[in-house]
Amino acid sequence: TRRPRILNDLAAYLKDHPQSDSTRRIVAEGMRSSLTCPLVVKKQPVGFLFFSSMKKNTYSEAHQELFLKIADQMAMILEKGRIYQELLEITEELRQARDALETEATRDSLTGVWNRRSILELLKRDMARAQREENPLTAIMIDVDHFKRINDRIGHLAGDGVLTEVTSRVASTLRSADILGRLGGEEFLIILYPADRETAIEVMERARRACESGPVVVDSGELDVTISLGAAVVEDLEGVDLAAILKTADHALYRAKEGGRNRCEVDSV
């Protein structure tokens with residue numbers, strides 16, 4: 001009926017309605033009269049408020065109207081709470097969608113590391129930081145040896161598997177502050193900050209040894225995969241731009257490949 005109900009003699013009601021388990025429980029607790037108010041939101045019942053008294057004949061029409069107003073207020077609070085909860089859920093969904101879009105925009109879809117645009121932006125950030133804090137910075141370029149041969153002979157799916165495994169092995173050797181990104185194709189970039197020449201060599205050797213530590217398993221079998229690495233170490237960022245660092249690292253990488261591959265070379269900017 002969406003209207004309050006008054007029962008001013010619960011014992012008598014129970015006698016007439018012995019099947020009412022809820023009334024039996026209430027009477028057992030010592031209650032003798034009750035008033036039930038529906039909670040209605042947008043013409044739909046969502047619950048009720050239940051008032052009870054240990055005395056018979058407690059509630060009257062005056063109580064009914066007063067408690068109905070209380071019920072109306074409670075229904076509004078419940079509706080606002082429901083809307084608030086829905087807003088929280090929608091906000092969480094939007095946050096997850098935003099994070100997914102951010103990941104898609106900043107991460108390489110194959111390997112999961114930073115993509116080219118992002119890794120270069122991070123290098124710019126650390127260059128500014130290195131100049132401000134007067135600490136050395138190192139950029140390391142990595143190239144998978146004979147990668148074109150892998151793609152041509154075995155196929156691009158195998159090549160993707162090699163890139164994924166190389167990424168995993170290199171990442172496992174890095175410090176928590178080191179940053180790994182994919183420049184494109186089989187080329188990767190590592191940013192070390194702070195890092196001098198000695199640190200750069202240690203990091204490169206760990207990565208190189210990890211990649212040659214065992215064959216990479218692909219659908220067609222196993223492949224021995226190695227990498228070549230070239231590092232640009234910058235002790236003083238004054239007057240040094242991004243292009244100069246990348247060019248220096250690229251030259252060092254070229255020397256590593258010309259020297260027989262599976263090697264590390266370091267240059268200073």
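Residues in the stretch 199-239 that are open to solvent by 80 Å² or more (accessible area, probe 1.4 Å), touching a residue at least 60 places away in the same chain (Cβ under 8 Å) and in contact with a Ser or Thr (Cβ under 9 Å, 6 or more places away or on another chain): Glu235 only. Check the stretch 123-138 and report whether any residue there is surrounded by fewer than 14 Cβ atoms within 10 Å (Cβ to Cβ) and not in a helix (DSSP H, G or I). Looking for residues that are surrounded by fewer than 14 Cβ atoms within 10 Å (Cβ to Cβ) and not in a helix (DSSP H, G or I), one finds at least one in the stretch 123-138, hence yes. Just to be sure, is Gly181 small (Gly, Ala, Ser) and under 20 Å from Gly230 (Cα atoms)? Judged against the criteria, Gly181 is a match.
Filtering the stretch 124-181 to residues that are acidic (Asp, Glu) and on the phi > 0 side of the Ramachandran plot leaves only Glu134.
When restricted to residues that are assigned to a helix (DSSP H, G or I), open to solvent by 90 Å² or more (accessible area, probe 1.4 Å) and of a type in the set (A, V, I, L, M, F, W, C), the stretch 54-91 contains 4. Among the residues of the stretch 110-122, just one is free of Cβ contacts under 8 Å to residues at least 60 places away in the same chain and not in a helix (DSSP H, G or I), namely Gly112. For the residues Ala171, Ala200, the requirement of being over 17 Å from Met127 (Cβ atoms) and at pLDDT 95 or above singles out Ala171. Tallying residues that are more than 20 Å from Asp143 (Cβ to Cβ) and surrounded by fewer than 17 Cβ atoms within 10 Å (Cβ to Cβ) within the stretch 164-198 yields 7.
Would you mention how many residues in the stretch 1-48 are of a type in the set (A, V, I, L, M) and either exposed (fewer than 12 other Cβ atoms within 10 Å of the Cβ) or over 51 Å from the mean Cα position of the chain (by Cα) (or both)? So the answer is 9. Based on what the data block shows, is Leu242 farther than 26 Å from Leu122 by Cα, surrounded by fewer than 17 Cβ atoms within 10 Å (Cβ to Cβ) and of a type in the set (A, V, I, L, M)? Answer is no for this residue. Residue by residue through the stretch 193-218, note down the ones that are within 16 Å of Ile179 (Cα to Cα) and touching a helix residue (DSSP H, G or I) at 6+ places or on another chain (Cβ under 8 Å). Residues satisfying the conditions are Tyr193, Pro194, Ala195, Val203, Arg206, Ala207.
The values are calculated or read from the model by the stated rules, or taken from the named source; none is laboratory data. This is a predicted model, so every value here is computed, not measured. Neighbour counts are summed over all protein chains in view; Cβ atoms, including those assigned to glycine, are modelled from backbone coordinates with ideal geometry. Accessible surface areas use protein heavy atoms only, side chains included; no ligands, DNA or RNA. Shrake-Rupley method; radii C 1.70, N 1.55, O 1.52, S 1.80 Å.
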